[in-house]
Amino acid sequence: MVQAKKQLTEPETPAIFDLNNYLKQQQIIVEQALDQSIAIARPEKIYEAMRYSLLAGGKRLRPILCLATCDLMGGTQAMAMPTACALEMIHTMSLIHDDLPAMDNDDFRRGKPTNHKVYGDDIAILAGDGLLAYAFEYVATQTNNVAPENIIRVVAALGHTVGAAGLVGGQVLDLESEGKLDITAETLSFIHTHKTGALLEASVVCGAILANAESEDIARLSRYAQNIGLAFQIIDDILDITATDEQLGKTAGKDLQAQKATYPSLWGLEKSRLKAQELVDSAIAELSNYGIQAEPLRAIANYIVTRDR
Ligand code: GRG
């Protein structure tokens with residue numbers, strides 16, 4: 001049975017939205033759902049490796065975006081939670097593989113030794129593969145009260161996002177661009193819209209699909225997500241220069257060390273900050289049709305440029 005959507009009514013006196021509290025609450029809910037999503041089975045080692053990275057913390061931005069968008073479009077948290085968990089499984093998988101010696105070769109992630117440092121390269125590759133496959137199984141088997149055609153649309157959107165048209169393609173161009181400080185703004189934008197932006201966009205779009213949103217809403221929310229996705233990466237590049245290892249939970253200064261072209265290397269720190277703010281303003285402008293129920297998405301957009309980790 002397909003569950004009825006919630007009524008889109010607004011309270012008479014809008015309360016001031018407390019983003020910190022909202023993020024904290026949503027993080028707790030997502031942590032609990034992730035913890036319950038994968039049980040240890042035989043062979044224990046692979047499940048432990050998958051759980052080690054999945055439950056290592058992180059901002060949980062992608063699941064929170066998915067839940068917030070489903071809510072905005074009149075759906076419920078329960079409808080979106082399996083997809084929210086799957087997004088975090090895919091994100092975690094991409095971090096595990098990105099940290100491997102054959103890729104970015106990093107020793108720390110989310111304040112802990114990287115997966116391959118604890119379990120070895122072989123198990124880390126397989127832990128990533130296990131998380132990626134399970135993400136799709138999880139959406140297909142655990143999503144309730146959503147029309148089957150919308151579940152299929154979500155599975156297709158996730159597949160498109162992780163493949164050569166998304167994360168994989170962005171990562172390949174990123175690897176090819178290493179050591180080339182003269183790459184163009186267009187190439188840099190291609191790398192980041194695919195490597196970083198695509199999964200953030202999928203988080204928002206899938207949340208909307210699960211709530212059976214109209215195509216105009218999906219298009220608008222997609223543009224919101226594209227803008228915050230690029231802003232997120234610009235701030236990521238800035239933090240790689242300005243933040244500490246402790247703040248980031250990973251090695252800072254890696255971009256300079258690996259001779260990677262970044263937004264600050266292209267535009268400087270100040271112009272990069274201004275660009276990120278402009279993108280966030282454009283993202284928020286896409287939400288002008290929605291009332292205070294879009295406050296979480298507006299606040300998340302603002303958080304993206306003010307975050308320090
Ligand atoms: C998906 C099949 C498949 C392969 C992966 C390795 C790879 C191909 C892609 C790399 C993707 C990647 C690591 C992009 C960087 C995205 C990014 C800015 C990550 C940091 O995200 P945060 O700050 O991290 O949200 P937390 O730890 O808070 O979740």
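The values are calculated or read from the model by the stated rules, or taken from the named source; none is laboratory data. Because the structure is a prediction, the values reported are computed rather than measured. Don't worry about glycine lacking a Cβ; one is built from the backbone with ideal geometry, like all the others, and counts go over all protein chains shown.
Overview of values
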read-out: Breaking point among (1) outside any loop (DSSP other than H, G, I, E, B); (2) touching a Phe, Trp or Tyr at 6+ places or on another chain (Cβ under 9 Å); (3) aliphatic (A, V, I, L, M), for ILE40; value: (1)
read-out: Test for ASP107: is it farther than 30 Å from ALA294 by Cα, in contact with a strand residue (DSSP E or B) (Cβ under 7 Å, 6 or more places away or on another chain) and either touching a residue at least 40 places away in the same chain (Cβ under 8 Å) or not β-branched (Val, Ile, Thr) (or both); value: yes
read-out: Helices (runs of 4 or more DSSP H) wholly inside region 43-142 that include at least 1 residues being within 11 Å of the ligand (Cβ to nearest atom); value: 44-54, 61-72, 77-98, 121-142
read-out: Region 143-162, subset loosely packed, with under 15 Cβ neighbours inside 10 Å and within 13 Å of the ligand (Cβ to nearest atom), residue nearest to PRO82 (Cα to Cα); value: GLY159
read-out: Test: residue in region 86-94 that is farther than 27 Å from GLU246 by Cα and surrounded by 23 or more Cβ atoms within 10 Å (Cβ to Cβ); value: yes
read-out: Single condition TYR224 does not satisfy, out of (1) crowded, with 20+ Cβ neighbours inside 10 Å; (2) under 24 Å from ASN105 (Cα atoms); (3) away from the ligand (no atom under 15 Å from the Cβ); value: (2)
read-out: Condition broken by MET50, with the remaining ones in (1) farther than 23 Å from SER222 by Cβ; (2) within 20 Å of the chain's Cα centre (by Cα); (3) at pLDDT 95 or above; (4) surrounded by fewer than 18 Cβ atoms within 10 Å (Cβ to Cβ) satisfied; value: (4)
read-out: Helices (runs of 4 or more DSSP H) contained entirely in region 163-219, each with at least 2 residues that are away from the ligand (no atom under 11 Å from the Cβ) and closer than 17 Å to ALA261 by Cα; value: 167-177, 185-192
read-out: ALA285 being within 16 Å of the ligand (Cβ to nearest atom) and at pLDDT 95 or above; value: no
read-out: Test set (1) over 21 Å from the mean Cα position of the chain (by Cα); (2) under 24 Å from LYS180 (Cβ atoms); (3) surrounded by fewer than 21 Cβ atoms within 10 Å (Cβ to Cβ) - LEU274 fails condition number; value: (2)
